[in-house]
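The values are calculated or read from the model by the stated rules, or taken from the named source; none is laboratory data. Small disclaimer: the values here were computed from a predicted structure and weren't measured. Here the Cβ positions follow ideal geometry from the backbone for every residue, glycine too, while neighbour counts run over all protein chains shown.
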Amino acid sequence: MDPKRRVVNYALLGLVGTGGYVTTGWVFKSLEPPLKAQLNAATLIDTSTLKLNEISFLSWQKKPLFVLKQDSNLPIDRKRSFQIGSYFYTIMIGICTHLGCIPKYEASLQRFVCPCHNGIFSLHGNPISGPVTKPLEIPPFLVEKDTILVGQAGEIYKKLVGIKK
Ligand code: FES
């Protein structure tokens, strides 16, 4: 092949390669969810705003979220709670693990009762009676100082639910 033509061919090949690389990068970048969507998928909880020894009712991804902030005046469930400063927190998705109804909180008895088939969960979301056999699900969360970010799996969450590193 003519050496001049070979140089032109290599130059063209280089251009095509670079273009492909840039295009591939752009395609992959456009597949990532935008930052705004990622933030919309999360719920940020400022723990200083939660009432002590009460259930706070929030939401995450349109699902009800039950959050307990407690001190040692209430029994502490160390398998389902974690500590920030001097308080313990339990976060639960408020959807019954039997068939998906939303349990109601009975403050006087400190328990959740599911209206559909009378399944009863403890204050920390453990099944007590009725057809429920699994605890209320703990959503993925991340602790950052006094803030809990629900929607991303941090180390405390992985430890609570038994996910190995
Ligand atoms: S759906 Fe809650 S007990 Fe059946």
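Select from the stretch 139-165 the residues that are assigned to a loop (DSSP other than H, G, I, E, B) and either more than 8 Å from the chain's Cα centre (by Cα) or not assigned by TED's automatic domain parsing to the domain that holds L50 (or both) and list them in ascending order.
Scanning the stretch 139-165 gives K145, D146, G154, G162, I163, K164, K165.
Yes/no matrix, rows are residues, columns are (1) within 16 Å of the ligand (Cβ to nearest atom); (2) surrounded by 16 or more Cβ atoms within 10 Å (Cβ to Cβ):
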residue: F112; (1), (2): yes, yes
residue: H117; (1), (2): yes, no
residue: F141; (1), (2): no, yes
residue: L160; (1), (2): no, yes
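Do you know which of the residues in the stretch 127-137 that are in a loop (DSSP other than H, G, I, E, B) and surrounded by 18 or more Cβ atoms within 10 Å (Cβ to Cβ) is farthest from the ligand (Cβ to nearest atom)?
Looking only at the stretch 127-137, we keep the residues that are in a loop (DSSP other than H, G, I, E, B), and these are 130-137.
Of the ones still in play, those that are also surrounded by 18 or more Cβ atoms within 10 Å (Cβ to Cβ) are 132, 136.
On the way: V132: 5, L136: 10 Å.
Among those residues, the one meeting the criterion is L136.
Looking only at the stretch 61-80, how many residues end up being surrounded by 20 or more Cβ atoms within 10 Å (Cβ to Cβ) and under 17 Å from the mean Cα position of the chain (by Cα)? Full working, then the answer.
Taking the stretch 61-80 first, the residues surrounded by 20 or more Cβ atoms within 10 Å (Cβ to Cβ) are 65-70, 80.
Retained after the next criterion (residues that are under 17 Å from the mean Cα position of the chain (by Cα)): 65-68, 80.
Residues meeting the conditions: 5.
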ask   = In the set S81, S129, which member is in contact with a Ser or Thr (Cβ under 6 Å, 6 or more places away or on another chain) and small (G, A, S)?
value = S81
